[in-house]
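Enquirer: Structure in structure tokens, see below.
No value in this document is a laboratory result; all are computed from the given coordinates. All values derive from a computational prediction rather than experimental measurement. So basically every Cβ, Gly included, is an ideal-geometry build from the backbone, and we count neighbours across all protein chains shown.
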Amino acid sequence: MGELRFRITGRSAGQAPLRGFLGGQGQSYNSMDTAQALFKFVAGGSIIVGVTWLAQQANPRYGAILAAAPITTTLAFLFTYNEAGVATTQQLVLGAFYFAIPTLIFLITLYFLMGRFGLLPGLGGAYGVWLACVVITNQVISAA
């Protein structure tokens, strides 16, 4: 398999196949140049603009689909893979799976609190619940 990867990417089997993607070539795994940081910023901002536009102009359901889509997560995985390799990316994927649970609880909490107390107090309460869930999830993962 490493031989096949080498022939396809032109890199040795030990290197991440995407090394060099968006300016990473020749840099250490821990460095990031300005263009790469700007691209990440624009990509994330574009998703927020898309969610807002869809929710206002089309249908809130379509904005919700885009907001819940794993686009940002996928970009984070791609950049992590490019900069840190397979092992770190696998750990990130597993962590994202576990910490999706507090995010689901955040959304449910926000829905109910927002209806009763308004947006800002609802966000404050939902973030408090989310933070407690993150701490609990982290303790459970650490104990396992």
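Enquirer: Does Ala58 count as without any contact (Cβ under 8 Å) to a residue 24 or more places away in the chain and surrounded by 13 or more Cβ atoms within 10 Å (Cβ to Cβ)? Steps first, please.
Expert: Numbers: without any contact (Cβ under 8 Å) to a residue 24 or more places away in the chain: yes; surrounded by 13 or more Cβ atoms within 10 Å (Cβ to Cβ): no.
In short, no.
Enquirer: Where residues in the stretch 85-116 are within 27 Å of Thr74 (Cβ to Cβ) and of a type in the set (Phe, Trp, Tyr), which of them is surrounded by the fewest Cβ atoms within 10 Å (Cβ to Cβ)?
Expert: Within the stretch 85-116, the subset within 27 Å of Thr74 (Cβ to Cβ) is 85-111.
Then keep just the ones that are of a type in the set (Phe, Trp, Tyr); that gives 97-99, 106, 111.
Details: Phe97: 9, Tyr98: 14, Phe99: 15, Phe106: 20, Tyr111: 11.
Filtering the stretch 85-116 for residues that are within 27 Å of Thr74 (Cβ to Cβ) and of a type in the set (Phe, Trp, Tyr), the one surrounded by the fewest Cβ atoms within 10 Å (Cβ to Cβ) comes out as Phe97.
Enquirer: May I ask you to list the residues in the stretch 74-87 that are farther than 13 Å from Lys40 by Cβ and free of Cβ contacts under 8 Å to residues at least 40 places away in the same chain? Explain how you work it out, then say what you get.
Expert: From the stretch 74-87, those farther than 13 Å from Lys40 by Cβ are 81, 84-87; that's our starting set.
Result: Ala87, single match.
Enquirer: Then there is this: Going through the stretch 117-144 one residue at a time, which ones are surrounded by 14 or more Cβ atoms within 10 Å (Cβ to Cβ) and under 19 Å from Val93 (Cα atoms)?
Expert: Matches in the stretch 117-144: Cys133, Val134, Thr137, Asn138.
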